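Notes to accompany the following structure.
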Amino acid sequence: MTEKFLQEIKKLKKYGIENQIPNISNTLGMFLNILIKNKNIKKILEIGTANGISTLWMAEALKETHGNITTFEFSIPSRNSALENFKKFKLEKYINSIFGDAIEKIKELKLKNKSFDLIFIDGQKNNTLKFLNICEGLIKNDGIIIIDDVIKFKHKMTGFYEYIEKQKKLNYVVLPIDIDDGIMLITKK
């Protein structure tokens, strides 16, 4: 990762803060980037693109692993902003950006028997359980599912915590990545 990449990400993050765009932190971005490189992850599914910061962090790592990311966004302005950022960072060839309802689009991926090494869920918090349920069949046996904002927005994740605590097929741990929030890392048992 270059110094230029880090400088441009910092500018984009600052813009996001100033415009109330729900971006991941640079700490989480670095975590995802390192994870992808260290596990040689090649196929990623992302739910919730916003203006593309998380996608950029992951795509930068995918240059090294020769992989790609499929990302879903249902907001036209957010997706358009993300597409501009992907071009600006010269990472668009690693990114398949899809506009539309993630749940419906993921059903289409399931019909095509697609599978992923990493699934990053950072969409509407009230749909977290639906996102997890539909993605479970898309993750490879040794794959990882990461859900963002599981501490700060736990109250918005209707039914999710009740499900995750009762189910028997997934291992999970909450990692406090940021000062006020964290991620849930999930693997198959």
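The values are calculated or read from the model by the stated rules, or taken from the named source; none is laboratory data. The model shown is predicted, which means the values in this text are computed figures rather than measured ones. Please note: Cβ atoms are built from the backbone with ideal geometry, for glycine as well, and neighbour counts cover all protein chains shown. These accessible areas exclude ligands, DNA and RNA; they are computed on the full protein's heavy atoms, side chains included. Shrake-Rupley method; radii C 1.70, N 1.55, O 1.52, S 1.80 Å.
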Exercise for the section: Identify, from the list Asp142, Asp101, Asp178, the residue that is closer than 20 Å to Trp57 by Cα and of a type in the set (Asp, Glu). Expected result: Asp178
Problem - Cβ pairs under 8 Å, 6+ apart, first in the stretch 86-98 and of a type outside the set (Phe, Trp, Tyr) and part of a helix (DSSP H, G or I), second open to solvent by 40 Å² or more (accessible area, probe 1.4 Å) and at pLDDT 95 or above - result: Glu92/Leu83
Exercise for the section: Specify the residue that is nearest to the chain's Cα centre (by Cα); the eligible residues are those in the stretch 51-77 that are more than 15 Å from Lys87 (Cα to Cα) and of a type in the set (Phe, Trp, Tyr). Expected result: Phe72
Practice task
Evaluate the stretch 58-79: report whether one residue or more is open to solvent by 40 Å² or more (accessible area, probe 1.4 Å), touching a strand residue (DSSP E or B) at 6+ places or on another chain (Cβ under 8 Å), in a helix (DSSP H, G or I) and modelled with pLDDT of 95 or more.
Solution key: no
Fill in the blank from the handout: The lone condition Asp117 fails out of (1) in a helix (DSSP H, G or I); (2) modelled with pLDDT of 95 or more is (1)
Exercise for the section: Return the only residue of Phe160, Phe153 being out of contact with any Cys (no Cβ under 7 Å at 6 or more places or on another chain), of a type in the set (A, V, I, L, M, F, W, C), open to solvent by 20 Å² or more (accessible area, probe 1.4 Å) and without any contact (Cβ under 8 Å) to a residue 40 or more places away in the chain. Expected result: Phe153
Practice task
Within the stretch 8-21, count every residue that is in contact (Cβ under 8 Å) with a residue 24 or more places away in the chain and assigned to a loop (DSSP other than H, G, I, E, B).
Solution key: 1
Practice task
Inspect the stretch 148-156 for any residue being over 26 Å from Asn26 (Cβ atoms) and either part of a helix (DSSP H, G or I) or not charged (D, E, K, R) (or both) and give the result as yes or no.
Solution key: no
Fill in the blank from the handout: Taking the stretch 22-50 and the residues there that are touching a residue at least 60 places away in the same chain (Cβ under 8 Å) and over 13 Å from the mean Cα position of the chain (by Cα), the one that is surrounded by the fewest Cβ atoms within 10 Å (Cβ to Cβ) would be Thr27
